[in-house]
Amino acid sequence: MPPAAALFDNDGLTLDTEGAWTRAEIALFARHGKTFTMDHKREMLGTAPAESAAIMERLIGQPGEQLGEELYELVLVEVAQGIEPMPGARALLQALRGEGVALGLVSNSRRRFVELGIATAGLAELFDTIVTAEDVERPKPAPDAYLAAARELGADPAACVILEDSPTGLQAGRAAGAVTIGIPSLPGVTLDADVVAASLEDPAVWHALGVDAAAA
């Protein structure tokens, strides 16, 4: 049976924004005479703005709050040029909506960034609610954002399925008491979830959500 609600992470899970973030991160580090590496990328994956700012402060040696604002402006420029959905995202969201499943988008990014990306990708109308790091006291890995989304959708968290691409997000999903689906967006990232798949197109993902992939 389909869940009461399906709650999707944004970056790297629903939208192909990781390339935009990476270009912005490379530009920021270069601006300050540093080289951004894939190890840095994996460390920052899924982090909330305050945590990523602290990481950048340690790596670059400049005030984290300033670096966070610089990175945010750089990535907004990238996203404004257009963002594509991740493979299978649109079809899966439409199939779930066809089954009457409530849909939430839950992100550790800021609201302006999330809303801009989801609009340029043409998916905004598919979500019933959006919860960002700015909407809760404790972002992921705390469960607050997922609990808030479930509450807004009138769903018991235990009757929800949470889809994530990062260990941080999956930790939040487990803490919320939901079923978890992990789909890694970066090589070398190991995910601990009830279901782990290569992409949203994987039949195992559709089966876990109680929808028929053949009907898509």
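Some values worked out for this structure:
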| item | result |
| --- | --- |
| For residue 162, distant residues with modelled amide H under 5 Å away | 7, 179, 180, 181 |
| Under Karplus coefficients 6.51, -1.76 and 1.60, residue-wise ³J(HN,Hα) of the stretch 126-136 in Hz, glycine/proline x | 8, 9, 7, 8, 10, 10, 10, 4, 6, 9, 10 |
| Average accessible surface area per residue within the stretch 13-86, 1.4 Å rolling probe, Å² | 47 Å² |
| Per-residue [θ]222 nm for the chain (sum of -39500 (n - 2.57) over DSSP H runs n ≥ 4, rounded to 500) | -13000 deg cm²/dmol |
| Relative contact order (%) - criterion: Cα under 8 Å, at least six apart; region: the stretch 116-216 | 17 percent |
| Cα-only radius of gyration and Dmax that characterise the stretch 24-86, units Å | 11.6, 35 |
| The chain - charge dipole about Cα centre, Lys and Arg +1 at Cβ, Asp and Glu -1, debye rounded to 20 | 200 debye |
| Long-range tail of P(r) for the stretch 1-132 (Cα pairs > 16 Å, %) | 63 percent |
| Solvent-accessible ranking of 168, 190, largest area first, probe 1.4 Å | 190, 168 |
| Compactness relative to 2.2 N^0.38 Å, alpha carbon Rg of the stretch 136-216 | 1.11 |
| Residue 86 accessible area, 1.4 Å probe, all protein chains in place, Å² to nearest 10 | 40 Å² |
| Accessible area of the chain belonging to carbon and sulfur atoms, whole % at 1.4 Å probe | 51 percent |
| Inter-part distance where the stretch 9-50 and the stretch 95-127 are each reduced to a Cα centre, Å | 21 Å |
| Of 10, 63, 29, farthest towards positive along the dipole that unit charges on Lys, Arg, Asp, Glu beta carbons give the stretch 1-73 | 29 |
| Whether the stretch 75-216 is rounded, prolate or oblate, judged on the alpha carbon gyration tensor where a/c under 1.5 counts as rounded | rounded |
| HN-Hα J in Hz across the stretch 194-204 - Karplus 6.51, -1.76, 1.60, θ = phi - 60°, x for Gly and Pro | 5, 9, 10, 9, 7, 7, 5, 7, 5, x, 5 |
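The values are calculated or read from the model by the stated rules, or taken from the named source; none is laboratory data. The structure displayed is predicted, hence computed values, not measured ones. Cβ atoms come from the backbone with ideal geometry, glycine included; neighbour counts cover every protein chain shown. Accessible surface is based on the protein model in full, side chains and every heavy atom, while ligands, DNA and RNA are left aside. Shrake-Rupley method; radii C 1.70, N 1.55, O 1.52, S 1.80 Å.
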